[in-house]
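A.B. asks: Below you'll find the structure I mean.
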Amino acid sequence: MGARIDKWLWEVRAYKTRSVAADAVKANRVTVGGAWVKPSYEVKEGDEIGVRKGQVTYKFRALGFPKGRQPASEVAKYAEDITPAEELEKLAVPRETIFVSRDRGTGRPTKKERRDIDALMDELP
């Protein structure tokens, strides 16, 4: 017994909707046993499923097949999260590099400064 990969991913909350899950499978963002699959692929118990979201590739092991979308507290009965720690560390990297502190007044002009610049530009011939 098994379930379609797109349906299983939706049921265990890997994706918000089944159509988004199917689109991800079609776009080769989902692997089973290291191979790309089609949305109609039948997941079997014990299959290792890789789901790439952004830079991170989450890995799950199929433990069972729910009858419908499950609450978050029930997902552990059907999917075991086996994502390596080095993949999860990639989530913290952007937070450290995106924010750059700068002193007020440097960088983009404030609204008042922008108005002053526009006024000067209007005075030029």
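A.B. asks: Specify which residue in the list 56, 30, 12 is farthest towards the positive end of the charge dipole of the range 3-123, using unit charges on the beta carbon of Lys, Arg (+1) and Asp, Glu (-1), about the Cα centre.
C.D. replies: Farthest towards the positive pole: 12.
A.B. asks: While we're looking at this one, here's another question. Once phi is turned into ³J(HN,Hα) by the Karplus curve 6.51 cos²θ - 1.76 cosθ + 1.60 with θ = phi - 60°, what whole-Hz value does each residue of the range 23-36 show in order, with x for glycine and proline?
C.D. replies: Karplus-based 3J(HN,Hα) across the range 23-36 equals 5, 5, 5, 5, 8, 6, 9, 10, 10, 10, x, x, 10, 5 Hz.
A.B. asks: Still on this structure, please answer the following. Take each of the peptides 19-30, 44-55, average the number of other beta-carbon atoms within 10 Å over its residues, and list them starting from the highest.
C.D. replies: Descending mean neighbour count gives 19-30, 44-55.
A.B. asks: Multiply the residue gap between residue 81 and residue 56 by 0.36 nm, knock off their C-alpha separation, and tell me the result in nm, one decimal place.
C.D. replies: 7.7 nm
A.B. asks: Would you please give the residues with an amide H less than 5 Å from that of residue 79, counting only those at least 5 places away or on a separate chain, with H modeled from the backbone geometry?
C.D. replies: 63
A.B. asks: State whether the range 3-123 is rounded, prolate or oblate according to the following rule on the C-alpha gyration tensor (a ≥ b ≥ c being the square roots of its eigenvalues): a/c under 1.5 gives rounded; otherwise a/b larger than b/c gives prolate, and the remaining case gives oblate.
C.D. replies: prolate
A.B. asks: Now a separate question. In deg cm²/dmol, rounded to 500, what helix-only [θ] at 222 nm does the chain give when every DSSP H run of at least 4 residues adds -39500 (n - 2.57) and the total is split over its residues?
C.D. replies: -8500 deg cm²/dmol
A.B. asks: Further question on the same structure: Sum up the charges of everything whose Cβ sits under 13 Å from the Cβ of residue 112, counting Lys and Arg as +1 and Asp and Glu as -1, but leave residue 112 out.
C.D. replies: +2
A.B. asks: Hey, which lysines would be in cross-link range of residue 77, C-alpha to C-alpha under 25 Å, not counting anything within fewer than 8 residues on its own chain?
C.D. replies: Result set, ordered by chain and number: 7, 16, 38, 44, 53, 59, 67.
A.B. asks: Fully extended, how many nm does the chain gain between residue 23 and residue 89 (0.36 nm per residue separation, minus their Cα-Cα distance)?
C.D. replies: Stretched fully, the residue 23-residue 89 segment lengthens by 21.1 nm.
Coordinate-derived values only; no laboratory data. Predicted model only: the values in this text are computed from it and were never measured. Neighbour counts are summed over all protein chains in view; Cβ atoms, including those assigned to glycine, are modelled from backbone coordinates with ideal geometry.
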